[in-house]
């Protein structure tokens, strides 16, 4: 089966391509990128006026299955991913039970095979139950397909445990994805520490709560030589620490979320629980530093940290609400506005942060349109506009602070392994029926 | 005229609105001082006091305010209600509204809980203290007392003394006082002083003698003894030595200084007994004024008209 994507602006940073040309897919594999490819025997996707990119990869999502299916499932989460233009997601292990063993990793992969519509790459836990005490069976999970390990949401507070985890993970060349938060400094906190937290009477989480752990983990990466990926960097100080680590040549990478690029602590005024997230929305100066970090390459990739919760869980007093924002269905247009339209990144640089960079961090054979690679493709329409309506999300999670925002540059097709799974924001029929 | 649906804090009020509430409270105080403390003004209105935190003074004050105005008032303590069965705040609020409740007075340990409730129910909401956010009726009664004793707020030097970081009374006082033109000083240990508080237009002191110099009013905050366990200060003994308001320290202030305390007091810790009971103290009168201010608010929020009508 052949698919010809015709006349789009093809952006493939891995090959340095940014030109109007065609892409030919056959049997789920990219076979050719070039001008005027014959459409003989091929289904044609007219892409003129559109951006044709390698399939976007979101290396930080919470699919909530097993155990927390009221919030999200692999079926609904991967549909949200497809709708948002993502061909791949890597899912965090804080499920119930925790993905700290081969059985849960296998369950996630099997469930993704059966009901998912995009590629799902599981991330295993660092410690048993993400309790921060004893190492999980990291090797067993690696051989079952875990692409990284992380105790996201439950930072490993014990430095010795983290050191052992890094030494151990190095055997498998597995990256450790570190949620950097000193739980003592952050205790009781609901939002960024600053004037807004004082006025709202919400206990603040100082930037230092993140930065001391970023510093610790960088120092441990220097000691162990383990690949370290810093989760959802949110402060100017963290950006600077990662910048210095990279300058030193350490194997350190970092990610940032759309919400930390597009909102500040001011969004918490009014106590809307959809603005409650960890790490918290920070100051305007932090947002500027994050953009600078993306621009100079300090921050490698953009991830959603898609964190769905039920309406009932979020519709409570601010201090009682769980942390998290759903991001899969708003991420691409949000960062297009904040980064490309505002001149922080070129389109090719933005695409890099969603494709070849995360693929490199997780060791995925994806993120580019080089012939021979799996045909994961994301197509964007720069001119398409939409007003965000949480009720039309594929995700079960409606906890988005962007409800009512008008966004531009929408994903108009997601292709996974040569199969078109989404067009014009809607799942294709065969995918809809796949539960 | 007061046009708001709810009273959530002083941050959102204009100086005119604050003064209007204080003006309305003045005739209300006359009612409390009468032999027969009852007017029919709020007959047929119902007020629910929904308290998620223990309180004697504020809850009783609201209850009496409602009763002096002939409203029906009901008290709900969270520990004895369906809250212990896991009912959400919104559902509790809707249930009360369905019973015909006109005003919900809420005390809650979470900042923003009254704002959250107000968004979700049609009944009017009065914030009776939320977390470390605001305690607007306390600040209003403090302002009322200062205005009564000093003739006005503008130009006064007011020192707020104690745990500024966790105090909703401090925040509401800062808003009210700065809006009405007072000069506000805040004084307390560095650990209990929020960073950037200067940006609210106050002066920060860590030395009590400097903070009290030539002050017109000293508002002494209650020190929560559990802050010691969390390491914000080493002992109550040291706190008292550094920040306790004693008779000697009072002499730094103006000779006619007014001493306020929102209560309940830790006598001998943040305030010496002879200061609490001394000539400068208006602590007991604050309590009376609290009822008057709350009567004014109940009246204004239920659409009260001209003030003369209220006291008939």
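The values are calculated or read from the model by the stated rules, or taken from the named source; none is laboratory data. The model shown is predicted, which means the values in this text are computed figures rather than measured ones. Here the Cβ positions follow ideal geometry from the backbone for every residue, glycine too, while neighbour counts run over all protein chains shown.
One table, with the values for the structure above:
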| quantity | calculated |
| --- | --- |
| Where residue A:299 falls short, out of the listed (1) modelled with pLDDT of 95 or more; (2) within 14 Å of another protein chain (Cβ to nearest Cβ); (3) in a loop (DSSP other than H, G, I, E, B) | (2) |
| Yes/no for residue A:228 being buried (at least 24 other Cβ atoms within 10 Å of the Cβ), in contact with a helix residue (DSSP H, G or I) (Cβ under 8 Å, 6 or more places away or on another chain), in contact (Cβ under 8 Å) with a residue 40 or more places away in the chain and within 14 Å of chain B (Cβ to nearest Cβ) | no |
| Cβ-Cβ under 9 Å pairs, at least 6 apart or on other chains, segment A:160-180 side at pLDDT below 95, far side surrounded by fewer than 24 Cβ atoms within 10 Å (Cβ to Cβ) | none |
| Flag if residue B:72 is exposed (fewer than 15 other Cβ atoms within 10 Å of the Cβ) and farther than 27 Å from residue B:110 by Cβ | no |
| Subset of segment B:129-155 [outside any helix (DSSP H, G or I), more than 14 Å from chain A (Cβ to nearest Cβ) and touching a residue at least 24 places away in the same chain (Cβ under 8 Å)] | B:153, B:154, B:155 |
| The listed residue being away from every other protein chain (no Cβ under 14 Å), assigned to a helix (DSSP H, G or I) and over 28 Å from residue B:191 (Cα atoms), out of A:215, A:169, A:146 | A:169 |
| Selection from segment B:264-279 of residues that are buried (at least 18 other Cβ atoms within 10 Å of the Cβ) and within 30 Å of residue B:23 (Cα to Cα) | B:275, B:276 |
| Residue ranges of helices (runs of 4 or more DSSP H) in segment B:156-273 with at least 1 members out of contact with any strand residue (DSSP E or B) (no Cβ under 7 Å at 6 or more places or on another chain) and within 14 Å of another protein chain (Cβ to nearest Cβ) | B:168-179 |
| Members of segment B:101-123 that are under 12 Å from residue B:5 (Cβ atoms), outside any helix (DSSP H, G or I) and either at the interface with another protein chain (Cβ under 7 Å from one of its Cβ atoms) or in contact with a strand residue (DSSP E or B) (Cβ under 8 Å, 6 or more places away or on another chain) (or both) | B:102, B:103, B:104, B:121, B:123 |
| Any hit, segment B:42-49, residues being surrounded by fewer than 21 Cβ atoms within 10 Å (Cβ to Cβ) and either under 28 Å from residue B:261 (Cβ atoms) or within 14 Å of another protein chain (Cβ to nearest Cβ) (or both) | no |
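Quick grid of which residues meet (1) in contact with a helix residue (DSSP H, G or I) (Cβ under 8 Å, 6 or more places away or on another chain); (2) over 23 Å from residue A:374 (Cβ atoms); (3) buried (at least 19 other Cβ atoms within 10 Å of the Cβ):
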| site | (1), (2), (3) |
| --- | --- |
| A:13 | yes, no, yes |
| A:25 | no, no, yes |
| A:28 | no, no, no |
| A:42 | no, no, no |
| A:60 | no, no, yes |
| A:71 | yes, yes, yes |
| A:95 | yes, yes, yes |
